[in-house]
Amino acid sequence: ATQALIEAHTPAYVVSCGFSGGLQPELQLGHIVMATAITDTHGHDMPLSFTPPAQLPSGVHAGRLVVVDEIVRTSEEKQILGERHDAMAVDMESLAVAQVCRDQGVGFMAVRVISDDLQTDLPPEIHSVLAATPGRRIGAALGSLWKRPASYKDLWRLREQALYAAERLAKFLDGVVEQLYESIPSD
């Protein structure tokens with residue numbers, strides 16, 4: 001998808017943004033992480049050209065992201081990942097996008113919002129709900145409710161956290177896009 005985007009639109013920058021799990025205790029729901037490097041659990045490591053300012057606003061952090069192949073659900077898994085990879089947050093997409101941008105000579109930035117902090121375990125149903133295709137997610141959610149009616153509270157809380165995090169990310173990205181636009185030389 002990144003390759004197709006670059007070929008069709010020739011952007012100066014690509015910003016990979018989305019939700020992330022916090023891997024450090026100081027990261028809270030709604031905090032922003034700007035990646036300075038991306039690594040994965042297979043040993044691939046990519047430093048990024050982004051250098052954070054000396055003073056970041058409250059709730060904004062800069063550091064390494066670790067990319068994983070599947071959802072990291074428990075606090076224990078998050079703690080191990082954070083320590084093993086010296087990472088601030090976990091996501092599932094940024095490294096692949098960064099590699100395509102690097103290969104094509106396109107600027108890249110990864111911005112993530114914390115949707116679940118280090119202490120938060122995601123509900124066990126999260127795997128079946130998010131693994132389902134969009135058309136089948138409602139069925140997966142209903143199946144989860146059938147098997148464990150109390151999952152309603154967990155899934156609703158997760159929804160509320162995602163809405164809050166998405167709002168924080170959108171506000172932050174307004175400023176990022178404006179600054180990136182202003183940095184592009186005019187022809």
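The values are calculated or read from the model by the stated rules, or taken from the named source; none is laboratory data. Computed from a prediction, not measured in an experiment: that's the story for all the values here. Cβ placement follows ideal geometry from the backbone for every residue including glycine, while neighbour counts extend to all protein chains displayed.
Residue by residue, here is whether (1) under 14 Å from residue 37 (Cα atoms); (2) surrounded by fewer than 20 Cβ atoms within 10 Å (Cβ to Cβ); (3) modelled with pLDDT under 90 holds:
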{"position": "51", "(1), (2), (3)": "yes, yes, yes"}
{"position": "88", "(1), (2), (3)": "yes, no, no"}
{"position": "98", "(1), (2), (3)": "yes, no, no"}
{"position": "102", "(1), (2), (3)": "yes, yes, no"}
{"position": "134", "(1), (2), (3)": "no, yes, yes"}
{"position": "142", "(1), (2), (3)": "no, yes, yes"}
{"position": "167", "(1), (2), (3)": "no, yes, no"}
Scan the range 12-29 for residues that are part of a strand (DSSP E or B) and more than 9 Å from the chain's Cα centre (by Cα) and jot them down.
13, 14, 15, 22
What's the total number of residues in the range 59-85 that are modelled with pLDDT of 95 or more and either under 17 Å from residue 33 (Cβ atoms) or among the acidic types (Asp, Glu) (or both)?
18
Pairing a residue in the range 168-187 that is under 15 Å from residue 106 (Cα atoms) with any residue that is surrounded by 11 or more Cβ atoms within 10 Å (Cβ to Cβ), where Cβ atoms lie under 6 Å and the two sit 6 or more apart in sequence or on different chains, gives 180/13; 184/12
Restricting the range 165-187 to residues that are of a type in the set (Gly, Ala, Ser) and out of contact with any Gly (no Cβ under 8 Å at 6 or more places or on another chain), the one farthest from residue 13 (Cα to Cα) turns out to be 166
Can you confirm whether the range 107-115 contains a residue that is within 13 Å of the chain's Cα centre (by Cα) and farther than 22 Å from residue 174 by Cα?
no
Can you spot a residue in the range 33-42 that is part of a loop (DSSP other than H, G, I, E, B), under 17 Å from residue 69 (Cα atoms) and among the β-branched types (Val, Ile, Thr)?
yes
Run residue 7 past the list (1) at negative phi; (2) in contact with a strand residue (DSSP E or B) (Cβ under 8 Å, 6 or more places away or on another chain); (3) not polar (S, T, N, Q) and report the number of the one that doesn't hold.
(2)
State yes or no: is residue 2 farther than 15 Å from residue 118 by Cα and crowded, with 18+ Cβ neighbours inside 10 Å?
yes
Scan the range 6-29 for residues that are surrounded by fewer than 19 Cβ atoms within 10 Å (Cβ to Cβ) and either within 23 Å of residue 159 (Cβ to Cβ) or basic (Lys, Arg) (or both) and jot them down.
18, 19, 28, 29
